[in-house]
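Only one structure is covered here, and it is reproduced in the block below.
Derivation of every value follows stated rules applied to the coordinates shown; laboratory data play no part. Just so you know, these numbers come straight off a predicted model, no measurement behind them. Glycine gets a Cβ as well: all are built from the backbone with ideal geometry, and neighbour counts include every protein chain shown.
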Amino acid sequence: QVQLVESGGGSVHPGGSLRLSCRTSGSSFSLYSMGWYRQDPGKERELVATITADGRTDYTDSVKGRFTISRDNDRNTVFLQMDSLKAEDTAVYYCAARFMPITKLNAPDYWGQGTQVTVSS
């Protein structure tokens, strides 16, 4: 069983930055693909960014150039650096893990509990 715990959410003004962290339990972190999803009330959950076990990254179009996903296998942690935040980035952000690559067509094996990100003036 893998447990994921997110941190780093909060409230910022438009144009600001936040860095989300997701620490995982277990000794197989380096073998997992990791992803960040987000969900705003009344909307479907959206896949925001992914990073494979060998470090390949992918982003949804709306965050390209503003968000950066990275991982530290020594710390069993994945990060999401969010810059130039916009009001439409407001959502609960969830960390996820999957033994195979995460795409829009599959479901992760494990989820975190979520962390709220609010962008408003």
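Details
- Sequence-separation-based contact order of the chain, relative, with Cα cut under 8 Å and 6+ spacing, percent: 36
- Applying 0.36 nm per residue to the separation of T57 and Q113 and subtracting their alpha-carbon distance, the gain on full extension is 17.9 nm.
- For the range 11-121, the fraction of C-alpha pairs more than 20 angstrom apart is 35%.
- Counting 0.36 nm for each residue step from F99 to S84 and taking away their Cα separation leaves a gain of 2.3 nm.
- Trypsin sites (Lys or Arg not before Pro) within the range 42-83: DSSP coil, no more than 15 neighbouring Cβ in 10 Å: K43, R45, R56, K64, R66, R75
- With the simple spin-label model, which puts each label point 7 Å out from Cα in the Cβ direction, the S30 to N106 separation comes to 2.1 nm.
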